[in-house]
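See structure below.
The values are calculated or read from the model by the stated rules, or taken from the named source; none is laboratory data. All of these numbers come straight from a predicted model, not from anything done at the bench. All Cβ positions, even for glycine, are placed from backbone atoms using ideal geometry, and neighbour counts span all protein chains on display.
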Amino acid sequence: STNKLEFAFTGDFLGGVAPAPVKNIGVRFFDSLPAKLTIDKVAIAEAGANDGNVNDSFNITMTDDVLGANWDKSFTIANLPVGITWTATKVSNTQFKVNFTGKAYSHDNTDSIKNIKFEFDKALASRAKFDITELKNAGTNVINKLELNFTDNPDPVVTIDSKIFSEVDANDGNIRDRDVVIDLGAKVLKPTPYLMAKGVSLPDTVGRFGIIISTTKNTYDE
């Protein structure tokens, strides 16, 4: 603010006399306000295929400032599930869009994330003067977080190509050369050591027989 503004007058005035200058005029500036951010969603959801795929977006809008030159390097998103990534695109000087893409490895309803968090640097705003600590959903309280909700998976359908392990032709009790294929359908496998330890077992009545397990697909646990 200042009180040194001055108006001076020149030119042709009645009587040939210019008015005296007007001095000490004040100009008052208000203090700058911290940038405020608003998000247009409180939650995003898994795609309808129910396969862990997330292809959704949301907009964040800034008021009381405009985006800084390095806005896209001035915020982070934390607590995303494994397999999901994000990108940000500038929509205008006061708005940017965040896109979630990818496929979550674990995506039952119990895997839903309720606290995806945002952290913003001062440089998100052009003045880069104030900490940005609030992210509001329009019309609600400060949230500073976002939800990602998954749908429960249907129970897997398991098929086996043979229910009989036959003894080899040598008739010596050996079934080593007889394989069966177990198809877990839409469910994918954990690594083989996990499957051997927890996923398959033999009853005691089988005696001295053991099992050897190998996978035919390079897949990971849902």
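Annotation note: of THR63, THR85, the sole residue that is closer than 24 Å to THR151 by Cβ, in contact (Cβ under 8 Å) with a residue 12 or more places away in the chain, β-branched (Val, Ile, Thr) and in contact with a strand residue (DSSP E or B) (Cβ under 7 Å, 6 or more places away or on another chain) is THR85.
I'd like to check something: does the stretch 67-81 contain any residue that is modelled with pLDDT of 90 or more, outside any strand (DSSP E or B), surrounded by fewer than 11 Cβ atoms within 10 Å (Cβ to Cβ) and of a type in the set (Gly, Ala, Ser)? There is at least one residue in the stretch 67-81 that is modelled with pLDDT of 90 or more, outside any strand (DSSP E or B), surrounded by fewer than 11 Cβ atoms within 10 Å (Cβ to Cβ) and of a type in the set (Gly, Ala, Ser). Considered as a group, the residues in the stretch 82-116 that are aliphatic (A, V, I, L, M) and not in a loop (DSSP other than H, G, I, E, B) include one that is farthest from the chain's Cα centre (by Cα), and that residue is VAL91. Taken over the stretch 1-57, the criterion of being among the polar types (S, T, N, Q) and loosely packed, with under 11 Cβ neighbours inside 10 Å is satisfied by SER1, THR2, ASN3, THR10, ASN24.
Each residue in the stretch 63-97 was checked for being within 21 Å of LYS41 (Cα to Cα) and charged (D, E, K, R), and 4 of them qualify. The residues in the stretch 107-126 that are surrounded by 15 or more Cβ atoms within 10 Å (Cβ to Cβ), acidic (Asp, Glu) and farther than 11 Å from PHE150 by Cβ can be counted, and the count is 1.
Among the residues making up the stretch 57-66, those that are at pLDDT 90 or above and not β-branched (Val, Ile, Thr) are SER57, PHE58, ASN59, MET62, ASP65.
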